[in-house]
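First comes the structure, then the notes that go with it.
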Amino acid sequence: MHYRGHRFRVRSALCFRRPRYCPVCLAESGYFKAVWDFSLAVFCPQHRCVLSCECTACATVLGWDRTALDWCRCGQPLASSTPLPVKRKEQLTLQTLFSNLLLGVSHKDETAQLGLPEWLVDLSLDGWFHLLSALGCADRSSSCEFDASARSEASFSRRIADSAQARWKTAHPNGRVIRRDLAVRPVPHIEDATIRGYYTPVAHMTPDLHAATALSDTLIAELKSAHTVLIASPIYNFSLPAQPPPAQPR
Ligand SMILES: [Zn+2]
Ligand SMILES: [Zn+2]
């Protein structure tokens with residue numbers, strides 16, 4: 001696959017199905033940046049914030065079936081979303097490096113700032129994707145928790161999970177926790193359009209198929225980004241509840 005003059009050996013290096021954006025960039029320029037399609041681009045170095053894939057007004061994952069590029073289907077301008085700040089300078093410098101590499105601009109300064117060996121200057125974007133994937137580019141101080149109980153306060157599985165999560169937080173005080181409460185925000189059962197989207201080449205994806213696979217892409221990205229996964233599921237009548245942890249095979 002080729003994208004802006006760069007060759008990528010695997011499709012997952014690019015993230016076309018789940019649009020991501022920096023709300024401040026959108027407010028300033030009104031367009032989506034090409035680098036946001038690169039899977040490893042997760043921050044905006046210019047505005048020091050996390051790239052969002054959701055509308056903060058309606059808390060739904062963005063699809064491509066919007067009436068305007070910079071508006072959510074609920075009528076909320078994406079530029080008005082609240083940016084989530086990033087503090088670690090190294091993460092932002094690495095994002096600048098990816099941006100410059102995509103645009104063909106020199107990234108020697110960023111390589112030097114990160115204290116990386118000089119030979120990495122010649123590494124392609126595809127090479128970066130494979131290198132960081134092989135090293136476990138996922139933030140090792142991140143965890144993903146799934147709560148599947150239909151009960152809230154009275155749930156035993158939630159209590160056990162909270163206890164485990166508290167211990168994990170003690171061990172990783174700066175750790176990032178992604179939490180999916182499947183009773184509050186259920187994952188819908190898989191549909192025909194979703195399965196068709198999985199097997200449709202990117203070039204033939206329609207807005208409907210993009211929308212049908214958007215949530216799946218988000219969940220897969222969250223799982224991949226987590227070093228630790230915690231699943232809290234009760235047993236109802238000797239079986240799992242109707243809102244099982246999201247495990248939609250690709
Ligand atoms: Zn920005
Ligand atoms: Zn919305």
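What follows is calculated from the coordinates using simple rules that are stated; it is not laboratory data. This is a predicted model, so every value here is computed, not measured. Methodologically, a virtual Cβ is constructed for each residue, glycine included, from the backbone with ideal geometry; neighbour enumeration extends over all protein chains shown.
Once you have the Cα-Cα distance between residue 191 and residue 2, take 0.36 nm times their residue separation minus that, and quote the gain in nm to one decimal. Let's see the in-between values first.
Values: separation 189, 0.36 × 189 = 68.04 nm, distance 3.02 nm.
My answer for the length gained is 65.0 nm.
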Using DSSP to call loops (not H, G, I, E or B), can you name the chymotrypsin sites (Phe, Trp or Tyr not before Pro) in the range 142-250 whose Cβ has at most 12 other Cβ atoms within 10 angstrom? 199, 238
In a GNM of the chain with a 10 Å cut-off on Cα contacts, which of 130, 227, 204 has the highest mean-square fluctuation? 204
Interatomic Cα distance distribution for the chain, bins of 5 angstrom, percent: 1, 6, 11, 15, 17, 17, 14, 10, 5, 2, 1, 0, 0
Among 226, 148, 171, which residue has its Cα positioned farthest towards the positive end of the charge dipole of the range 142-232, with +1 placed on the Cβ of Lys and Arg, -1 on the Cβ of Asp and Glu, and the dipole taken about the Cα centre? 171
Per DSSP H run of at least 4 residues, take -39500 (n - 2.57); add these up for the chain, divide by its residues and hand me the 222 nm value, nearest 500 deg cm²/dmol. -10000 deg cm²/dmol
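Using the 10 angstrom Cβ neighbour count as an exposure proxy, how do 160, 220 rank, fewest first?
Values: 160 13, 220 18.
Fewest to most other Cβ atoms nearby, the residues stand as 160, 220.
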For the range 2-44, run through the chymotrypsin sites (Phe, Trp or Tyr not before Pro) and keep only the ones in DSSP coil with at most 11 other Cβ atoms within 10 Å of their Cβ. 31
DSSP-defined beta bridges in the chain - what % are antiparallel, rounded to 5: 50 percent
Say we join alpha carbon atoms closer than 10 Å with springs in a Gaussian network model of the chain; which of 237, 174, 100 then has the biggest fluctuation? 237
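Let's see if you can work this out: charge +1 on each Lys and Arg Cβ, -1 on each Asp and Glu Cβ, no other charges. What is the dipole magnitude of the range 1-158 about its Cα centre, in debye to the nearest 20?
Values: 18 positive and 15 negative charges, 49 e Å.
Once rounded to the nearest 20, the dipole reads 240 debye.
Between residue 242 and residue 118, what is the FRET efficiency for a Förster distance of 35 Å, r being their Cβ-Cβ separation, to the nearest 0.05?
Values: r = 55 Å, r/R0 = 1.57.
So the FRET efficiency works out to roughly 0.05.
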Starting from the Cα gyration tensor of the range 142-232, take the square roots of the eigenvalues, sort them a ≥ b ≥ c, and report rounded, prolate or oblate (rounded when a/c is under 1.5, otherwise prolate if a/b is larger than b/c, else oblate). oblate
Enumerate the lysines that residue 33 could reach by cross-link, defined here as Cα to Cα under 28 Å, with residues fewer than 8 away along the same chain left out. 87, 89, 108, 224
Measuring from centroid to centroid over Cα atoms, what is the spacing of the range 171-190 and the range 1-78 in Å? 21 Å
Separation between Cα centres of the range 81-133 and the range 141-155, rounded to whole Å: 35 Å
